[in-house]
Amino acid sequence: MGRKKAVLSVNGKIRDLHSLPGHYGWFTALTSFLPGLFIVLVWIIFGSNLVDNFTLAALGDEIRSLSNFDRALYMNDIHNLAIGDAISRPLTNSLNNATNFYLRTQNNLLWIFTLSAIGVSSLLAIFSFRKISPELRSRNLVERLIIIMLVISSSIAILITIGIVSSLIVETLRFLEHVSLSEFLLGLKWSPQTALRADQVGSSGSFGAIPLFTGTLLITFIALLVAVPVGLFSAIYMTEFASPNARIFFKPLLELLAGIPTVVYGFFAALVVAPVIRNSGEVIGLEIASESALAAGLVMGIMIIPLISSLSDDVISSVPQSLRDASYGLGATKTETIVNVILPSALPGIVSAFLLAASRAIGETMIVVMAAGMAANLTANPLEAVTTVTVQILALLTGDQEFDSAKTLSAFALGLALFTITLFLNFIALKLVRKYQEQYD
Amino acid sequence: MTDLKQNTASLKSQARLKKRYRKERLFKAIGLSGLLSGLLALTIMMISILSTGLSGFSETRIKFDIYMDPEIIGSTDGYDETEYRDHIAQINHSTLIRNSLKIKFSDVKGRRDVFNLQKLVSSGSREEVRRLLIEDKNLIGKTIAMDLLASSNVDMYVKGQISRDVNQSERKISDRQLAWLDILESEGRILKGFNWKFFSTGDSREPELAGILGAAMGSFLTLLVTLLIAFPIGVASALYLEEFAPHNKWTDLIEININNLAAVPSIIFGLLGLAIFLNVFNMPRSAPLVGGLTLALMTLPTIIISSRAAIRAVPPSIRDAAIGMGASNLQAQFHHVLPLSMPGIMTGTIIGMAQALGETAPLLMIGMVAFIVDVPQGVLDAATALPVQIFLWADSPERGFMEKTSAAIIVLLVFLIMMNGLAIWVRHKFEKRW
């Protein structure tokens, strides 16, 4: 749209410029291109909403007086008709007219935006083109512009967080209109089926999230039970006992585990580990659910081994050598040095590794989706099927959904809970690490 | 007297020393076993995936003589090229195959048996017959030996996944079908070959026809969007934070934010994508564009953190030299610091992309789970991604999909290993030690 760039870098052929010729080219390019780009972005982001609103405004009163939900349905039909898809109601004249109007508006607006983008760009191009003179400090201007762009991109991280928090909070507040906070946080029953009709039996929907939290905790606990000893001992072995060559060989191998996508772990848990556990349970006469928490927890444990081992590895190897030497000098064996000197001084870092691993396990989705159960179950027995927060978020939001029901909104409430918990754990972990670093630096 | 005392003391200490050394060995053994059990889990996982997945790359075909019956095909006189093609597309290829199969096993009577007989070959074989006829219209009326694609159940039997020792009711292939297969086998009509289709088609309901090209293409488009968005923004913010930012509350806030974002569960990013991109901006569901945007937000912290480390590693003398030569601060950064830190930035970016390639949960949230047969052509087409395809196949009850799942996992892992290998190569090749 605003590709006037190429023409402009030609103008800087004078010798006594304030800045390099290229800067003048960039100056014109940036000043003309950026506003055009901005307009295009506005169209991409708000265009469809704008067209919808225009169409709605042009529609008769009887449509506008419909409930929110019905109006959305009607608009949906217009969209589908416009791209030639199937629609949910008989094709009436008014619908046809509305669709034609919709297409026309869309076309018109597209033209307006395109023209204004090109217009603004070329106007600014001419303006900046004329401004170019040997005295123009184009370098300073260009550099200031670039700095501003850098600032904007670095602020995007904040925008993301704001986006996450605000979208979660807004939807959660809407959820809390349907269900009280105390029911959500303290209720013992989770069955998010809301009634489609008022007189429907047995699907009043209850949103007590306690079973989900206990299920998540149970699986996380099993995972930590597997990963903490294995990860910690591997880290100790690799930093303190293994020869440098062995370390070079083992460390990447163990970290390979971290690079494997979680679907693969999920597949492994569902197709290999779960049947093995169930069959071995049968042999010793135990009844084990095929989607037991044990299988999911075990595999999740394998997944977080590299996290724990590499983090502990870092902390252990950053314990000053002088502490080790002092301990050896007093006649301690390696084991005694590790147990009595190194581990205590590395403890904060190791604990923070555990916390990070726990937060990772709590937020993990694919393994539990594929290997853990769907039904909420308030139990501490690892042989039964439990469900987790992440499984429920996914189950509530995949497939057909209407956006306003308590059922879909509850997923956002769960998401907010998940976000808060993991944020809290990460925060403590970072604090611990920072405190520890200060000690030795 | 003193001698004796010393002696007992040293005896005691010797015993204690022995105990201490024993403990030392034990501890070392525990450490090693921790390490080995981690590696054991890795090995078991790899072996179980390889053992189920490798057979997914081969397919079974059955050689049949297909009689291109002019009566069924009908008259094609006077048709030009396109008319001929349209005509061939409409004829009953199924009957063609069925009749030819009946010629081979002339003792088969009754609808049920004929139906079961035809079940030996895949429904995709109709397509093969059609393609052959379209290519050469002179084949009409002739009998051609074709290697028809076997159905998934036959494929499973030939690969030994279905045992013939179990009762007929518990197996997907009947005794009658087994007898036919035995005859075909003894005549050498059952062939195995490399499954090229797996790499050249989209998803299908039939395991023997399903391929990963659609999903791979979806992944590629998604990653392209991710890279185009996350890389410039990531490098720009790293450069700003490392080189230009003043130390104030705002930059502190940004830093805390980035660190926290790096640890936010991926499903939360999926929620964000759903709430913002789909519901507020009305972007199309299931599109690689939205998937790429969501994954870009997720990989951004990884790229920023590694880029900052790379920029920090460039010694200040480079900057001082550039500025001393009259370059502006920005010129020093863009002409010297950024190119020098590029290997490190690339490494971080590739690793971030590898993470994004393996990510599933956020893509599920924004609707990239649909059953999509077509290979996506652009970033606005509905698509799935490789890991999502794995998830979908893993959920399918058909036996044939299990080996396809493992095969797709192998492909995904090969891609990941290649990306990580590339990252390591870039680091070794271009990294400078100062």
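The values are calculated or read from the model by the stated rules, or taken from the named source; none is laboratory data. Quick caveat: nothing in here was measured; it's all calculated off a predicted structure. Using ideal geometry, Cβ is built from the backbone for each residue, glycine included, and neighbour counts are taken over all protein chains shown.
So is residue A:319 within 13 Å of chain B (Cβ to nearest Cβ), touching a residue at least 24 places away in the same chain (Cβ under 8 Å) and in contact with a helix residue (DSSP H, G or I) (Cβ under 7 Å, 6 or more places away or on another chain) or not?
no
When residue B:339 is evaluated against the numbered criteria (1) more than 11 Å from every other protein chain (Cβ to nearest Cβ); (2) in a helix (DSSP H, G or I); (3) surrounded by 18 or more Cβ atoms within 10 Å (Cβ to Cβ), which criterion, by number, is the only one it fails?
(3)
Can you find, within segment A:147-180, the residue that is farthest from the other protein chains (Cβ to nearest Cβ) among those that are among the small types (Gly, Ala, Ser) and part of a helix (DSSP H, G or I)?
A:166
Specify which of the listed residues (B:256, B:276, B:229) is within 12 Å of chain A (Cβ to nearest Cβ), modelled with pLDDT of 90 or more and more than 30 Å from residue B:62 (Cβ to Cβ). Step through it out loud before you land on a result.
Details: B:256 fails: modelled with pLDDT of 90 or more; B:276 fails: modelled with pLDDT of 90 or more.
Within the list B:256, B:276, B:229, the selection yields B:229.
Let me confirm something: among B:215, B:210, which residue is within 13 Å of chain A (Cβ to nearest Cβ) and modelled with pLDDT of 80 or more?
The match here is B:215.
Considering segment A:272-289 alone, what residues qualify as being surrounded by fewer than 19 Cβ atoms within 10 Å (Cβ to Cβ) and either in a helix (DSSP H, G or I) or within 14 Å of another protein chain (Cβ to nearest Cβ) (or both)? Give the derivation first.
Initially, segment A:272-289 is screened for residues surrounded by fewer than 19 Cβ atoms within 10 Å (Cβ to Cβ), giving A:272, A:275-276, A:279-287.
The answer is A:272, A:275, A:276, A:279, A:280, A:281, A:282, A:283.
Given the criteria in the same structural domain as residue B:349 (by TED's automatic domain parsing) and closer than 22 Å to residue B:359 by Cβ, does residue B:218 qualify? If you could, list the steps in order and put the result at the bottom.
Working: in the same structural domain as residue B:349 (by TED's automatic domain parsing): yes; closer than 22 Å to residue B:359 by Cβ: yes.
Yes.
Out of curiosity, is residue A:375 part of a loop (DSSP other than H, G, I, E, B), modelled with pLDDT under 90, surrounded by fewer than 24 Cβ atoms within 10 Å (Cβ to Cβ) and aliphatic (A, V, I, L, M)?
yes
Go through segment B:130-162 and report how many residues are over 35 Å from the mean Cα position of the chain (by Cα) and assigned to a helix (DSSP H, G or I). Give the steps one after another, and end with the answer.
Just the residues of segment B:130-162 that are over 35 Å from the mean Cα position of the chain (by Cα), to begin with: B:136-145.
Retained after the next criterion (residues that are assigned to a helix (DSSP H, G or I)): B:137-139.
So the answer is 3.
Being at pLDDT below 80 and within 35 Å of the chain's Cα centre (by Cα) narrows it down to one residue among B:75, B:94; which is it?
After applying the criteria, what remains is B:94.
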